[in-house]
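The values are calculated or read from the model by the stated rules, or taken from the named source; none is laboratory data. Treat the numbers as computed from the prediction; the structure is a model and nothing was measured. Virtual Cβ from ideal backbone geometry, glycine too; neighbours counted across all protein chains shown. What goes into the accessible areas is simple: the full protein's heavy atoms, side chains included, and nothing from ligands, DNA or RNA. Shrake-Rupley method; radii C 1.70, N 1.55, O 1.52, S 1.80 Å.
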Amino acid sequence: MKLSEAQARHARLAEEIRRHDHAYYVQAQPTIGDQAYDKLYRQLLDLEQEFPSLVSPDSPSQRVGGSPVREFAPSTHLVPMLSLDNTYSKEEVVAFVNRVVKLLPGAKLGWIVEPKVDGLAVNLRYERGVFISGSTRGDGTTGDDITANLRTIRSIPTRLICGSGEPPKMLEVRGEVFLTKAGFEKINAERRASGEELFANARNAAAGSLKQLDPRIVARRPLDVVIYGLGRVETAGSQPAGQGALLEWLKGLGFKTPERTWTCVSPEELIEAIAELDAARKGFGYETDGAVIKLDSFAQREKAGFTSKAPRWAIAYKYASEQAQTRLRSITVQVGRTGALTPVAELEPVLLAGSTISRATLHNEDYIRDKDIRLGDMVTIEKAGEVIPAVVEVVADSRTGGEKKFQFPKTCPECGSKISRAGRGEDAGEDGSVWRCLNPDCPAQVRGRLEHWCSRGVMDIEGGGEVLVRQLASSGLVRDVADLYNLSLSALMGLERMGEKSAKNFLDGLELSKTRDSWRLLLGLGILHVGTGVSKALCRSHATIGDIFASSVDQLRNCEDVGEVIANSLVQWHGDPRNRELLKRLRAAGLNFQSSLFNPDAVAGIFAGQTFVLTGTLPTLKRDDAAARIEARGGKVSGSVSKKTSCVVAGEDAGSKLEKAIQFGVPVIDEAEFLRRCGS
Ligand code: IVH
């Protein structure tokens, strides 16, 4: 195929994929089946492999996330990103309307009410219809350039829909990036399974995701966006004159806009709209924390103007979050299966959002100190994003002086062993604020590991819940998961309140667990950072559990989804002779170490064991891109040529490295050959 022909075909395929993406991710009305979509996508990738010059930033192939960055570059906003003043009562809404009436005497005012999405504000810049860059709000003047992360969000169009019209020279749109309630639950379930600290709510999870320096991780987080405003606009074409028209215009360009809005002309109508939104928002797929009331007309907005922080023409009405106040009786410290110590507030029971709450999380030691939470305090508790209730603050004026400071334990409250808060992992939330018990035999950790092994998402062993696990552990019958497979009927029946039927059921469950997929076994080992997604990915690229543990950190990193932290965690785990012994015993007990997910075609390590040197300027690839391609396929990149170098990729103006390669007889290839090898 000629390049010109390939170009035309590429443009058609990209356009078609973008159309289906828009239908699926923006309109929620799929226009194609999964298989047919995958086929189109595959064709696009094949074409780009053959003609790498066709890869452009707005190609649908670029959604999977590029190379990680060390830090985000600052990005100064062309138009400042202001915030909104908050109100909490109907009276304040009326007062706001009256203020605007005074600013615009005699004008007929129209209002738009929109949901206030609880996410992170972003600015997206399009030049001649193509998504160029995007940033966070930051301090309102300068934010972080998070373009690569934003590109992974499928509801952000990489190209505007302009039909036969001319796209604006420059268009900046503003909106909110968020995680759906379901997406948030999913991420937390995964984090629970891999022993990582849970996100407190959907907003924190969205923030943690957007701040990831590795866009490939962001690509796997189900982030979404709603667009509701403008930044800088440069266009010869006509522009909307008000908010209602703007939302229609944005929708036409391919953006996802607020799913419901209200048009109002009086304070009474505004109050009614706020109440309707409050009822409706419980059914939304994402969290909202208020209503935004905006003057519709842009001309009127200009007259009303701004304060230094916020527009005078808009206001946020915040709904009361589901909070309650109660007394903090005591604090217990729980030890999880990874040894993490979590302080838990023991409360006087109180009704919150329909259920009686007597315990709430206090997150970690720093949280208690920073909020100065003391035993005996009246505290405000909140259901954060519908999950575990949390203590949010102390009711300051209810102190009597009798409250006592809480001493965080100096040793493990379960086993008395040493605890440490030396950084374990660098993932969001794991900032060294978590204390962990260092004793792997800690009874709480042992119980936690057994429960995890038996749980539904792991080995799915019926009957293996908290109560039985506690009995098995405290009776000394079981110290680790391999011991489960030595249990006899008589031993089980010797346990208190254990009938023959339940004992038999449990043994049947254990028997069945021997046939489970190997990814479940790997997940069940409870290795830090190895959750469901990672376990599956490892079992897709390795035929057996043995193969996984025979791999080096570098080899493991070739695997999709596995970064340095995870690879180190796996290698470290296997470095412990006790863990190796555990694997041996599990194998001897007849558990399945063979992966049914293994797909040799998916193994990307075609350059494993090879060292490449890049020199000179390559015609299309940037140095970092070429290096990323090598590393993604298991190869290494070195800065200097030696006899051991496998291959030198040389571009224009290659200097001494090329000479050395020739001197040492190291093969030299050009970019085209390099790309061919990458694709082979
Ligand atoms: S309009 C000049 N509309 O709320 C500021 N903001 O508390 C214009 N937000 O920073 C903002 N939903 O991050 C607007 N429908 C909506 C919104 C919304 C959420 C956020 C936004 C803003 C914050 C202000």
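Side notes on the structure shown:
- Given charges at beta-carbon only (K, R positive; D, E negative), |dipole| of the range 128-241 in Debye: 260 debye
- Gain on full stretching of the segment that runs from Thr544 to Leu103 - 0.36 nm per residue minus C-alpha separation: 151.5 nm
- Which listed pairs, of Lys536/Lys636; Lys2/Lys660; Lys501/Lys536, have C-alpha distances above 29 Å, in listed order: Lys2/Lys660; Lys501/Lys536
- Accessible area of the range 590-680 divided out per residue, in Å², using a probe of 1.4 angstrom: 56 Å²
- Three principal axis extents describe the C-alpha atoms of the range 471-527; from largest down they are 33, 22, 15 Å.
- If only the Cβ of Lys and Arg carry +1 and only the Cβ of Asp and Glu carry -1, the dipole of the chain around its Cα centre is close to 720 debye.
- Using a probe of 1.4 Å, the accessible surface attributed to Val97 totals some 10 Å² when neighbouring protein chains are kept in position.
- Ranked by solvent-accessible area (1.4 Å probe, protein heavy atoms only, all chains present), the residues Thr31, Thr288 order from largest to smallest as Thr31, Thr288.
- DSSP beta bridges confined to the chain are antiparallel in about 85 percent of cases.
- Extent along principal axes [Cα atoms of the range 158-209; Å; largest to smallest]: 51, 17, 16
- Directionally averaged shadow of the range 189-343, computed from the convex hull of its alpha-carbon atoms, nm²: 14.8 nm²
- Arg221, Arg63, reordered so the largest accessible area comes first (probe 1.4 Å): Arg221, Arg63
- Kirkwood Rh and Cα Rg combined as Rg over Rh, evaluated for the chain: 1.01
- Distances between every pair of Cα atoms in the range 421-519, grouped in 5 Å steps from 0 to the bin holding the largest one, split as 2, 12, 21, 20, 16, 11, 8, 5, 4, 1 percent.
- Peptides 65-73, 548-556, 176-184 ranked from most to least packed give 176-184, 548-556, 65-73, packing being the mean of other C-beta atoms within 10 angstrom over each peptide's residues.
- Pairwise FRET efficiency - Ala23 versus Glu466, Cβ, R0 = 41 Å, nearest 0.05: 0.35
- Here the accessible area of the chain is 49 percent carbon and sulfur, with a 1.4 angstrom probe and all protein chains present.
- Debye-sum result for the range 109-218 in log10 I(q)/I(0), which assumes one identical scatterer on each alpha carbon, at q = 0.15, 0.19, 0.23 Å⁻¹: -0.75, -1.05, -1.29
- 18 Å tail of the calculated P(r), the range 263-317, as % of Cα pairs: 43 percent
- Lone cysteines, the chain (no partner Cβ under 4.7 Å): Cys162, Cys264, Cys454, Cys539, Cys559, Cys647, Cys678
- Quarter the surface of the alpha carbon convex hull of the range 137-186 and you get the mean projected area, 5.3 square nanometres.
- Over all pairs of different C-alpha atoms in the range 591-670, the reciprocal of the mean inverse distance, the Kirkwood hydrodynamic radius, equals 13.8 Å.
- A simple spin-label model places pseudo-atoms 7 Å from Cα toward Cβ; at Tyr41 and Val553 they are separated by 3.2 nm.
- For the range 88-139, the set of chymotrypsin sites (Phe, Trp or Tyr not before Pro) satisfying both a DSSP loop assignment and a count of at most 13 other C-beta atoms within 10 Å is given as Tyr88.
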